[in-house]
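Inspection log for the structure reproduced underneath, given as structure tokens.
The values are calculated or read from the model by the stated rules, or taken from the named source; none is laboratory data. For clarity, every value in this text was computed on a predicted model and none was experimentally measured. FYI the Cβ positions are ideal-geometry reconstructions off the backbone, even for glycines, and counts take in every protein chain you see. Ligands, DNA and RNA are stripped out before the accessible areas are found, and what is left, the full protein with its side chains, is counted by its heavy atoms. Shrake-Rupley method; radii C 1.70, N 1.55, O 1.52, S 1.80 Å.
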Amino acid sequence: MILEHPTDDLPAYALGILEEEDLRAVDRHVSGCPVCRDEVAQLREAAANLAFVSPQMEPPARLKRQIMDRVSPVQAPRRRGLGQWLRNLQPAWGVAALAVIALLVIGNLVLWQQVRTLTERTPQSFQVASLNGLGSLPEGRGVMIVTQNGRFGTLVVDRLPDLGADQQYQLWLILDGERTSGGVFSVDRYGYGAMVIRAPLSLNEYTSFGVTIEPVGGSPSPTGEKVLGGEF
Amino acid sequence: MLPTDEDLLHQIARAQASALSSLYDRYGRLVYSLALRIVGNSTAAEEITQDVFVQVWNNAASYQPELSKLTTWLTSITRYRAIDQLRRRSARPDGHMVDDPVEDLVLTAGNEAVPEIQVENRAEQQRLQQALTELPEEQRAVLLLAYFKGMSQPEMAAYLGQPLGTIKTRVRLGLLKLRRMLESEESRNP
């Protein structure tokens, strides 16, 4: 570590333009010197202002869509528990309403009947689609609850086996035979699981839905056994 | 009331895509413009912008607001990626790139997407432009070459035909003075 503060080099260091040898030496010093670290942070803040010199150009409209596509659950798989899922719901009223409904569903003994009752009570606010067990898991049950405008949706499943650490369930949204991931989820030891659905289009656009068993984190397209299926 | 930058990052860390969408509305233009300014190619600038926001999506939890402003974090990621790409490309940049970045201080305005934020960005631009015009020209030149071209000090010395020691002094004095002016401006208009 440089014993004296490399004060003269800190501006160039903050701008990221030091040559390799100087960079290594200053790096070593700064990592162990809170005074210089603070100075570098301030210089970086000042240098960052230069970004505003750029003429402000309007990005093409498609760019935002491409970004949002890239952060869909398949690209950014994160395994979440029920607690995480519920915390995710807080800011959006539409999603919060869904959470209330989902909790009602969970709290009742017969998931299927409860959702049907709920649907009858609020036919104008939500759409409900059922998913039935298929293949080796005929006992499986699922329900999708979607806001009228199709912007928000949640999936609740029951009676599915816990797949362990290496596999997860993945929801597929189907339109004209094309399958788009709606997210990946796991179930607890009682076979229950829930997930907020993420989709590039309004959920009203899709005509049918399926759930397959995939490697943890999900797959770009279905590869495993289809265990649930249903349609609006 | 609009959520703060910190609120949005907090929500993004919880994988709320709507928060990333809002963050893009707020800063997509800044990121894209900076990338475009550095690489001079709209296709490359779009790719960089995508990468920056995906990086934000993946690393929002690591952002520490007490260490830097969000714009500093965003522009640092953008600049790093853009300069890295610039260095890897052998061809000269095209499109919007201006050969002499020192001359390219044209500021444009006007965006209806998120008016409050854009007004803030525009005020930031005016504040910076004012500070830059008060810098001696030779100091302003090296700061812009360093920031937008990622030129090292020896490269700037060769490019400007000046001794290395002179360039180092200009970089040091220029950035210190810029910081002082911006701080003093901030204290006048907190």
Computed on protein heavy atoms with a 1.4 Å probe, what is the summed buried accessible area for the chain pair B and A, in Å² to the nearest 100? 5200
For each pair in A:K64/B:K69; B:K69/B:K177; A:K64/B:K168, compute the distance between the two Cα atoms and list the pairs where it is over 29 Å. A:K64/B:K168
Averaged per residue, the 1.4 Å probe accessible area of segment B:1-65, protein heavy atoms only, in Å², is roughly 33
Here the net charge surrounding B:L164, from other residues whose Cβ is less than 15 Å away from its Cβ (Lys, Arg +1; Asp, Glu -1), is -4
